[in-house]
Amino acid sequence: MIDRATIDRIMDTADIVDVVSEFVSLQKRGTSYKGLCPFHDDRTPSFSVSPSRGVYKCFACGKAGNAVNFIMEHEQMTYVEALKWLAHKYNIEIKERELSSEEKKQQSERESVLIVNEWAADYYEQILHNDPDGKAIGMQYWRKRGFRDDVIQRFRLGFAPVRRDALPREALAKGYKAEYLTASGLCGQRENGELYDRFAGRVIFPWFTVSGKVVAFGGRLLDARTKGVSQKYVNSPDSPVYHKDHELYGIYQAKKAIAKYDCVYMVEGYTDVISMHQCGIENVVANSGTALSVHQIRLLHRFTSNIVLLYDGDEAGIHAAMRGTDMLLAEGMNVRVLLLPDQEDPDSFARNHTAADFRAYIEEHQTDFMEFKTRVMLQGVTDPVKRSEAINSIVKSISVIEDPIKRASFIKDCSQRIGIAEQTLIRQMNRFILQGKEQEYRDKQRRERQEQQTEAGTVQTPGGPMPTVAQQTPAAPSINQVEYMIVQEVVRHGELVIFHDVELDDGQVANLTLAEYVNEDLKLDGLQLNNALCRQMLSEAVEHAHEPDFVASRYFSLHPDVEVSKLGTQMATDQVHVSESLKLKPTEEQIANHIQHMLSDFRLEFVNQRLKELKNALLTTKDEQLLKQLQEEYMKVLQLRTEFAKRLGRIV
């Protein structure tokens, strides 16, 4: 467990802009920073980071929080893991007590797999640098590839012992469980229960997330063993921490260079990435043989909108460049393609050229996607049917571009290149756009039907079924709407003393903060908020109300309880982004009137719910004495409802 003093130090030290910039390319806009939201398919910057308040907020999907929340959400970490991540980033020492055996059992499978992976990466590294076979076989291979020591260390390259039981024996001896060795994909298990190293006898390429977590491994057979072998590479299978279509090899080492140059080079293999780094070109990643996915594109889009597909000039390279183009364009990326000369790949080309020469070659020979597609698909094609199919493919690629000006520009260029009237191409493009929208609509309806089947659309509230706040505000738990609005006022203005000379239930008169007023007002009728999280937040706001530096919005946004922090940040931020200069701050009188109105609404919903309960009881009760009591209470509650409704100016 981490003590509160250390948590406070971490929270005070963490710079929200610095933390988010590790994962999202941000640009300063006034007093805040803007970027593409990493939590949904964001094509126009709707993600805002406020350094003064220490929070982030997406005005499209509603995600909001502080630095700890961001790391938890983005990296799928627990609260403690996120605190440790921040402590490591800012060199803050954490002293923890030893976890009990029961607490160790409760550690998530994900955390256990990450721990095993980190140990394995260290193990393979140590074998490469210290073991006789590692130095004689593994290191000799890396030397033959021309890799320098600093590059080997940067990518944490390693070597797996030839003995297939070496890693599992060492891991089990260190106390790592067999179930996590297999869950991570490091080991396979024979029918007799014996474990074996999946990567035995191979050089090792660890895979890292954007934040540097080891999630998977790639292993390559050495040159002497690859003859007649169809599978030179073995990669980790999907696991609780790794999905191959979500990750990109080299993204951790490349992210800063991608943001710096506002461009990323996409290559196919591990050694292509490493050789380009060694050459001096660091803004490069690889999808390592898998088809490019939307997840990978969106990961890159956080750092840049510009991508150059850098592949071999053979048929396989051409196919790889073609298959990802439409997906990249649909995600708003600016796509250029470069096919290297015959018999060259990024690995060999980087080893034989300086970074300056390589970049110059790219600048001179890269082409936009349309020029590339036109050349590949139409060069030498005379058959009318095949030519028509090729042109349709080119126009379909243009149709997925959302920016109408870009589409018009590419259509004009296409018309000039292939000699077909621009209007003809525009008509065909519009057909493709319509087809795409129809398909998108069908897909959306199907998803909505699935969601309706798996989720309840309402929550039970004092006033009957009504939409959950979660439907309106995605980051908030399911809370009655009126209750949500009451606590939102507590979060935004809870420390303000705006109620004067209020008579308390003990007869005394006092000046109250908004939080205290809400608490006292509910106590008058013996009421309390229904949601446990809301009750906790109101209670803490009352407890800290008169502390000199207490500001409710900051207190709840930076709260150590992650659920309180998420909800507090959500409530503290506006639903619609408005510049500071245009915001109209409510007066104290307006705030007081609003909270009083909300409390009356809360009472009205309470009596409505009680009336329903009494009505049901009257229909089912046969005892005459009890029936009389229920009727009397029903009339009293009915009268209360009329009084509350009059206060609110409503007819019931």
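The values are calculated or read from the model by the stated rules, or taken from the named source; none is laboratory data. As the structure is a computational prediction, the values presented were derived from the model and not from experiment. Virtual Cβ from ideal backbone geometry, glycine too; neighbours counted across all protein chains shown. Ligands, DNA and RNA are excluded from the accessible area calculation, which covers all protein heavy atoms including side chains. Shrake-Rupley method; radii C 1.70, N 1.55, O 1.52, S 1.80 Å.
Return yes or no: is Arg154 touching an Asp or Glu at 6+ places or on another chain (Cβ under 8 Å) and under 28 Å from Ile274 (Cα atoms)? Quick ask: steps written out before the conclusion?
Numbers: touching an Asp or Glu at 6+ places or on another chain (Cβ under 8 Å): no; under 28 Å from Ile274 (Cα atoms): yes.
Taking the combined requirement at face value, the residue does not satisfy it.
Just checking, how many residues over region 35-45 are without any contact (Cβ under 8 Å) to a residue 60 or more places away in the chain and open to solvent by 20 Å² or more (accessible area, probe 1.4 Å)?
The total comes to 4.
May I ask you to list the residues in region 495-526 that are open to solvent by 50 Å² or more (accessible area, probe 1.4 Å), without any contact (Cβ under 8 Å) to a residue 40 or more places away in the chain and hydrophobic (A, V, I, L, M, F, W, C)? Write out each step before concluding.
Let us first name the residues in region 495-526 that are open to solvent by 50 Å² or more (accessible area, probe 1.4 Å), namely 496-497, 500-501, 503, 505-506, 508-509, 511, 523-526.
Filter once more, so that each one left must be without any contact (Cβ under 8 Å) to a residue 40 or more places away in the chain: 497, 500-501, 503, 505-506, 508-509, 511, 523-524, 526.
Across region 495-526, the qualifying residues are Val497, Val509, Leu524.
Would you mind finding the one in Ser32, Ser48 that is surrounded by 19 or more Cβ atoms within 10 Å (Cβ to Cβ) and at pLDDT 90 or above? Before you say what the answer is, go through the steps one by one.
Working: Ser32 fails: at pLDDT 90 or above.
Only one candidate qualifies: Ser48.
Against the condition under 16 Å from Met72 (Cα atoms) and open to solvent by 20 Å² or more (accessible area, probe 1.4 Å), how does Phe23 come out, does it pass?
Numbers: under 16 Å from Met72 (Cα atoms): yes; open to solvent by 20 Å² or more (accessible area, probe 1.4 Å): no.
Against the criterion (under 16 Å from Met72 (Cα atoms) and open to solvent by 20 Å² or more (accessible area, probe 1.4 Å)), Phe23 does not qualify.
Which of the strands (runs of 3 or more DSSP E) contained wholly in region 270-364 include at least 2 residues that are of a type in the set (A, V, I, L, M, F, W, C) and closer than 24 Å to Phe205 by Cβ? First the steps, then the outcome.
Details: elements: 284-286, 306-311, 334-339.
Output list reads 284-286, 306-311.
For Ala356, only one of the following conditions fails: (1) among the aliphatic types (A, V, I, L, M); (2) open to solvent by 10 Å² or more (accessible area, probe 1.4 Å); (3) in contact with a helix residue (DSSP H, G or I) (Cβ under 6 Å, 6 or more places away or on another chain). What is its number?
(3)
List pairs: first in region 244-262 and within 13 Å of Arg302 (Cα to Cα), second part of a helix (DSSP H, G or I) and of a type outside the set (Asp, Glu), Cβ under 7 Å, 6+ apart or cross-chain?
Listed by first residue and then by second, the contacts come to Ile251/Leu299.
Being open to solvent by 70 Å² or more (accessible area, probe 1.4 Å) and modelled with pLDDT of 80 or more is the filter; apply it to region 553-586 and report the residue that is nearest to Thr642 (Cα to Cα).
Filtering first and then ranking leaves Glu563.
Yes/no matrix, rows are residues, columns are (1) closer than 22 Å to Asp133 by Cα; (2) assigned to a helix (DSSP H, G or I); (3) touching a strand residue (DSSP E or B) at 6+ places or on another chain (Cβ under 9 Å); (4) modelled with pLDDT of 95 or more:
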position: Glu179; (1), (2), (3), (4): no, yes, no, no
position: Gly188; (1), (2), (3), (4): no, no, yes, no
position: Ile204; (1), (2), (3), (4): yes, no, yes, yes
position: Ser211; (1), (2), (3), (4): no, no, no, no
position: Arg220; (1), (2), (3), (4): yes, no, yes, no
position: Tyr252; (1), (2), (3), (4): no, yes, yes, no
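So which residues in region 49-67 are closer than 27 Å to Ile92 by Cα and touching a residue at least 24 places away in the same chain (Cβ under 8 Å)?
At the first step, the residues of region 49-67 found to be closer than 27 Å to Ile92 by Cα are 49-57, 64-67.
Matches in region 49-67: Val49, Ser50, Pro51, Arg53, Gly54, Val55, Tyr56, Lys57, Ala64, Gly65, Asn66, Ala67.
Please go through (1) in contact with a Ser or Thr (Cβ under 9 Å, 6 or more places away or on another chain); (2) modelled with pLDDT of 85 or more; (3) crowded, with 18+ Cβ neighbours inside 10 Å for Cys534 and return the number of the only condition it doesn't satisfy.
Condition not satisfied by Cys534: (1).
Can you spot a residue in region 64-78 that is open to solvent by 40 Å² or more (accessible area, probe 1.4 Å) and of a type in the set (A, V, I, L, M, F, W, C)?
Going through region 64-78, the residues open to solvent by 40 Å² or more (accessible area, probe 1.4 Å) turn out to be 73, 76, 78.
Still in the running and of a type in the set (A, V, I, L, M, F, W, C): none.
Looking through region 64-78, none of the residues is open to solvent by 40 Å² or more (accessible area, probe 1.4 Å) and of a type in the set (A, V, I, L, M, F, W, C).
I need the full set of residues from region 359-383 which are open to solvent by 20 Å² or more (accessible area, probe 1.4 Å), closer than 18 Å to Tyr265 by Cα and in contact with a Lys or Arg (Cβ under 7 Å, 6 or more places away or on another chain), in order please.
Within region 359-383, Gln366, Asp368 meet the criteria.
Here are some residues: Ile426, Ile401, Ile394. Which one is in contact (Cβ under 8 Å) with a residue 60 or more places away in the chain and within 38 Å of the chain's Cα centre (by Cα)?
Values: Ile426 fails: in contact (Cβ under 8 Å) with a residue 60 or more places away in the chain; Ile394 fails: in contact (Cβ under 8 Å) with a residue 60 or more places away in the chain.
Unique residue meeting the criteria: Ile401.
State all residues of region 292-313 that are surrounded by fewer than 19 Cβ atoms within 10 Å (Cβ to Cβ) and in contact with a Lys or Arg (Cβ under 6 Å, 6 or more places away or on another chain); if no residue qualifies, say none.
Passing the criteria: none in range.
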